[in-house]
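Participant: Handing you this structure, nothing more for now.
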Amino acid sequence: MIDGEEWRFSLEKFVINGGCRLCGEVTVSGAKNAAVAIIPAAMLADDICIIENVPAISDVSAIIDIMSQMGVDIRLVNKSTLRIDSRNIHTAVIPYEMAKHLRASYYFIGTLLGRFGQAMVAMPGGCDLGVRPIDQHIKGFEALGAEVSIERGMIDVSARSLIGNQIYFDVVSVGATINTMLAAVKANGLTIIENAAKEPHVVDLANFLNSMGADVRGAGTDVIKIRGVSSLHGVDYAIIPDQIEAGTYMVAAAATAGDVLIKNVIPKHLEPITAKLVKMGAEVYEYDDAVRVTRKGPVVKGTIKTMPHPGFPTDMQPQMTTLLTQAEGTSLVTEGVWDNRFRYVDELRRMGANIQVDGKVAIVEGNTPLTGAPVKATDLRAGAAMMIAGLIATGRTEIEDIYHIERGYEDMEVKLRSLGADIKKIYIPDSAIPQAL
Ligand code: EPZ
């Protein structure tokens, strides 16, 4: 309420005054890209699942809403633990209105196909990274004996019975690998997935499914073998820490020449990021479940090419490119996974960056002092890059469209503030005339 009038807050921004070195400790939350697969996968169980280390992010909230509307009894028993009872699901249809807030709604297809032998789910929205094809997902479903049709923006999948098969993916796809696993765990016989994605969240899903009684072997390698089982039981399972959230804070520490201990990590999952940061002049100390990042010398120019795991992760590309604007010399960044993942460069240019983009390649001039400016988060990881840019810029940076950031980062401004950043979230009253009471 302002002056007795009721305002509708419709715009939120992060405001950062740059120039602070980040110092202290930060704890990483559960992995978004594991959570958006494991939480729907709990619907494959015949009884209750308890999922721990769930990140408090809007993508998870969207999944909870969808599953609740499907008749699943899903509730938070504390800030990071979900209790999921899927025994009374009453639909296998997820219309656009329910799915539109979640990019990863496609995991409901594999799960519902695996449980009911049918699913009707709205097509995932076109992503800010370019076209988001699902041809490999469909290839996996059809190989298992399902019929797939796409009409009026809905993917309709059905199978009288799912039969194990051999599937060779033309493209290494995290989503298609996960979706095929979800559909195959209760199929009849053996499924062999070749050219499979190897990301930590693929392995985490396999571990979750096996803890429910599935038979999934080889996750984390190019070949995953799944022997179908007749039923899966409930389980208590903890999601792995988020390697990209951890990597984001590692880059922020290096970018501000800070000294940050990043806790609740699996150092092995961070190897591609650690290796690149050390080459760029940071110091990274590894502990059992933490890493410490400092930088005393200059940022060293470098070459980055994003690739499927264990290559350098595409979800760290915007953050690293931002750091490279501070390097001594010119750097080269090649986006090897997505068609259009440099949209954020226009926003960095507003802050003084000098980056030339030609298709999937960006040439990043170093030694470009950044100055604060009003910018937008164009997608989740681009938003994280804007946060890092604001931290190193001189002056005030205002970041709009922060809902992108809150899709995948839990309390990012709180965590940054605890490390010494001068950052706050502000609410802009709606531009509409205040509503008379
Ligand atoms: C997952 O997306 C992640 N999202 C993305 O993270 C991540 O960038 C991506 O994997 C790569 O690691 C989730 O896990 C929810 P892909 P996904 O299928 O599964 C092409 C973030 O910031 N492709 O591995 O959709 C596709 O166009 C998000 O957390 C096909 O051609 O990615 C892309 O070029 C952004 N046909 C490449 O494969 C298909 O059927 C990799 O896509 C599927 C994908």
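Participant: Evaluate region 296-315: report whether one residue or more is away from the ligand (no atom under 16 Å from the Cβ), in contact with a helix residue (DSSP H, G or I) (Cβ under 8 Å, 6 or more places away or on another chain), touching a residue at least 12 places away in the same chain (Cβ under 8 Å) and of a type in the set (Phe, Trp, Tyr). Outline the logic, then answer.
Facilitator: Our first condition is that a residue be away from the ligand (no atom under 16 Å from the Cβ); within region 296-315, this holds for 296-303.
Now narrow it down to the ones that are in contact with a helix residue (DSSP H, G or I) (Cβ under 8 Å, 6 or more places away or on another chain): 299-302.
Keeping just the survivors that are touching a residue at least 12 places away in the same chain (Cβ under 8 Å) gives 299-302.
Now drop any that are not of a type in the set (Phe, Trp, Tyr), which leaves none.
Within region 296-315, none of the residues are away from the ligand (no atom under 16 Å from the Cβ), in contact with a helix residue (DSSP H, G or I) (Cβ under 8 Å, 6 or more places away or on another chain), touching a residue at least 12 places away in the same chain (Cβ under 8 Å) and of a type in the set (Phe, Trp, Tyr).
Participant: Taking residue 288, is it of a type outside the set (Ser, Thr, Tyr), at negative phi and more than 10 Å from the ligand (Cβ to nearest atom)? Before the answer, list the steps.
Facilitator: Details: of a type outside the set (Ser, Thr, Tyr): yes; at negative phi: yes; more than 10 Å from the ligand (Cβ to nearest atom): yes.
It is true that residue 288 is of a type outside the set (Ser, Thr, Tyr), at negative phi and more than 10 Å from the ligand (Cβ to nearest atom).
Participant: Counting just the residues of region 362-372 that are assigned to a strand (DSSP E or B) and among the hydrophobic types (A, V, I, L, M, F, W, C), which one comes out nearest to the ligand (Cβ to nearest atom)?
Facilitator: Looking only at region 362-372, we keep the residues that are assigned to a strand (DSSP E or B), and these are 362-364, 371.
Checking the rest, the ones that are also among the hydrophobic types (A, V, I, L, M, F, W, C) come to 362-364.
Values: 362: 17, 363: 22, 364: 20 Å.
That would be 362.
Participant: Restricting the search to region 180-201, which residues are under 11 Å from residue 167 (Cβ atoms), within 13 Å of the ligand (Cβ to nearest atom) and open to solvent by 10 Å² or more (accessible area, probe 1.4 Å)?
Facilitator: If the condition is that a residue be under 11 Å from residue 167 (Cβ atoms), within 13 Å of the ligand (Cβ to nearest atom) and open to solvent by 10 Å² or more (accessible area, probe 1.4 Å), then 195 is the only one that fits.
Participant: Restricting to region 373-429, name every residue that is within 16 Å of the ligand (Cβ to nearest atom) and acidic (Asp, Glu).
Facilitator: Result: 379, 401, 406, 410.
Participant: Of all residues being among the polar types (S, T, N, Q) and assigned to a helix (DSSP H, G or I) in region 103-132, which is nearest to the ligand (Cβ to nearest atom)? Just the residue, please. Before the answer, list the steps.
Facilitator: Applying the first criterion (among the polar types (S, T, N, Q)) to region 103-132 yields 105, 111, 118.
Narrowing further to those that are assigned to a helix (DSSP H, G or I): 105, 111.
Details: 105: 10, 111: 14 Å.
Ranking the candidates gives 105 first.
Rundown of residues vs (1) open to solvent by 10 Å² or more (accessible area, probe 1.4 Å); (2) touching a Phe, Trp or Tyr at 6+ places or on another chain (Cβ under 8 Å); (3) away from the ligand (no atom under 12 Å from the Cβ), yes/no style:
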| residue | (1), (2), (3) |
| --- | --- |
| 134 | yes, yes, no |
| 141 | no, no, no |
| 149 | yes, no, yes |
| 162 | yes, no, yes |
| 165 | yes, no, yes |
| 174 | yes, no, no |
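Participant: Give me a count of the residues in region 331-345 that are surrounded by 15 or more Cβ atoms within 10 Å (Cβ to Cβ) and over 21 Å from the mean Cα position of the chain (by Cα).
Facilitator: Looking only at that region, the number is 1.
Participant: Filter region 202-225 down to residues that are over 20 Å from residue 113 (Cα atoms) and within 15 Å of the ligand (Cβ to nearest atom) and give me whichever is surrounded by the fewest Cβ atoms within 10 Å (Cβ to Cβ).
Facilitator: Among residues in region 202-225 that are over 20 Å from residue 113 (Cα atoms) and within 15 Å of the ligand (Cβ to nearest atom), the one surrounded by the fewest Cβ atoms within 10 Å (Cβ to Cβ) is 222.
Here is a yes/no grid of residues against (1) farther than 30 Å from residue 253 by Cβ; (2) assigned to a strand (DSSP E or B); (3) within 16 Å of the ligand (Cβ to nearest atom):
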site	(1), (2), (3)
26	no, yes, no
35	no, no, yes
59	no, no, yes
101	yes, no, yes
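The values are calculated or read from the model by the stated rules, or taken from the named source; none is laboratory data. Model, not experiment: these values are computed from the prediction. Neighbour counts run over all protein chains shown; Cβ positions are idealised from the backbone, glycine included. The area values use the complete protein model at the heavy-atom level, side chains included, leaving out ligands, DNA and RNA. Shrake-Rupley method; radii C 1.70, N 1.55, O 1.52, S 1.80 Å.
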